[in-house]
Amino acid sequence: MAFRDGPFENIKVPLVWTAALAVVIAAAGCILLLISDARAQNSPYQPVRAGVETVAGPVGGVFAAPVRWFGHASDYVGGYFFAVSENRRLKRELAELQPWRDQAIALKNVNARYEAMLGIRPEPPVEMRTARSISDTRGPFSNARLLDVGAGGGVKVGNPVINEHGLVGRVVGTSSNVSRMLLLTDVASRTPVLVDRTDARALLTGDGSGNPRLEFVRGVGSVQAGDRILSSGDGGGFPRGVPIGVAARGIDGSWRVKLFSDRGAIDYVRVMLFEDFGQLIDPDDLNAPPLAALDTLSEATPAQAGAITDAAARRAAASPTTPTPAPGGTE
């Protein structure tokens with residue numbers, strides 16, 4: 001007998017109620033799977049759960065792919081339509097960052113110059129003062145500058161001045177806060193130098209041009225083009241070994257020096273507090289008491305103490321005694 005011919009042929013089940021019942025059953029199954037998750041290894045629903053997960057993984061990936069594609073497409077479309085506003089925002093940020101970039105580059109250059117100046121180590125080591133050129137005085141033969149450090153900073157007349165490349169000049173006048181620097185190119189400048197390769201002595205003489213002359217060179221063939229010229233320290237006016245420049249032939253046939261200091265601007269310099277080789281490292285040592293060094297002596301050993309006592313006894317025994325006249329006696 002067919003099912004429709006039986007006693008249930010007149011039963012009609014609404015489709016909505018059927019779908020609702022299926023959803024309730026599925027929800028109950030999901031709740032059972034979640035409850036059994038804490039004891040997944042021992043749960044009787046573990047095989048079913050594993051099967052569901054095996055099927056749900058690839059199916060979920062298939063359904064998620066269109067969502068990802070839609071997200072990428074929406075980002076692309078949004079970026080395309082909002083490119084103008086984004087470009088304007090980036091231009092505003094670039095305009096705001098440009099001054100900071102320029103300031104960072106300037107500070108980097110200044111720090112590099114400071115490091116180069118600190119790297120110059122003359123012989124002997126000399127205390128230095130950092131200064132800045134605040135004025136430039138030039139003429140047909142005069143080349144001088146004013147520095148923003150003076151006698152208040154320990155600067156004295158005759159102190160050499162260097163930059164990060166080499167010797168620039170020397171101090172010829174000071175006040176409390178300002179000093180006057182004479183450049184090597186000035187006609188009044190005379191600097192004793194030596195040739196690094198041959199140790200030959202010479203005199204660097206300024207003539208107002210950018211390349212001072214080498215005069216009174218000792219020795220035949222002691223100078224060649226490209227030789228490094230250093231301060232010799234002769235006369236005690238400059239420390240030895242400060243770099244000055246490179247020797248080159250002038251158009252008049254004389255030897256001239258291309259100065260290292262011309263490689264950069266002479267705005268930041270260092271004043272070497274060097275007077276002569278007879279100056280003291282610490283001038284306050286002159287104010288020490290005459291017997292101050294006795295406090296640093298070690299205790300005398302017993303042998304030394306005995307020798308001192310014996311010497312004192314021999315001196316006392318050898319000294320003549322003066323007789324004392326008796327009272328009332330005559331001389």
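The values are calculated or read from the model by the stated rules, or taken from the named source; none is laboratory data. Just so you know, these numbers come straight off a predicted model, no measurement behind them. Using ideal geometry, Cβ is built from the backbone for each residue, glycine included, and neighbour counts are taken over all protein chains shown. Accessible surface is based on the protein model in full, side chains and every heavy atom, while ligands, DNA and RNA are left aside. Shrake-Rupley method; radii C 1.70, N 1.55, O 1.52, S 1.80 Å.
If you take the residues of segment 182-209 that are of a type in the set (Ser, Thr, Tyr) and in a loop (DSSP other than H, G, I, E, B), which of them is nearest to the chain's Cα centre (by Cα)?
Only one residue fits best here, namely THR185.
Look at segment 253-264 and say how many of its residues are out of contact with any Gly (no Cβ under 6 Å at 6 or more places or on another chain) and over 11 Å from ARG213 (Cα atoms). If you could, list the steps in order and put the result at the bottom.
So the first thing to find is which residues in segment 253-264 are out of contact with any Gly (no Cβ under 6 Å at 6 or more places or on another chain), and the list is 253-255, 262-264.
Imposing the further condition that a residue be over 11 Å from ARG213 (Cα atoms) reduces the set to 262-264.
Number satisfying all stated conditions: 3.
Looking for something part of a helix (DSSP H, G or I), modelled with pLDDT under 85 and more than 30 Å from VAL217 (Cα to Cα) - is there at least one such residue anywhere in segment 318-331?
Yes, segment 318-331 has at least one match.
When you scan segment 170-187, do you find a residue that is among the polar types (S, T, N, Q), open to solvent by less than 10 Å² (accessible area, probe 1.4 Å), over 17 Å from GLY236 (Cβ atoms) and at pLDDT 90 or above, even just one?
yes
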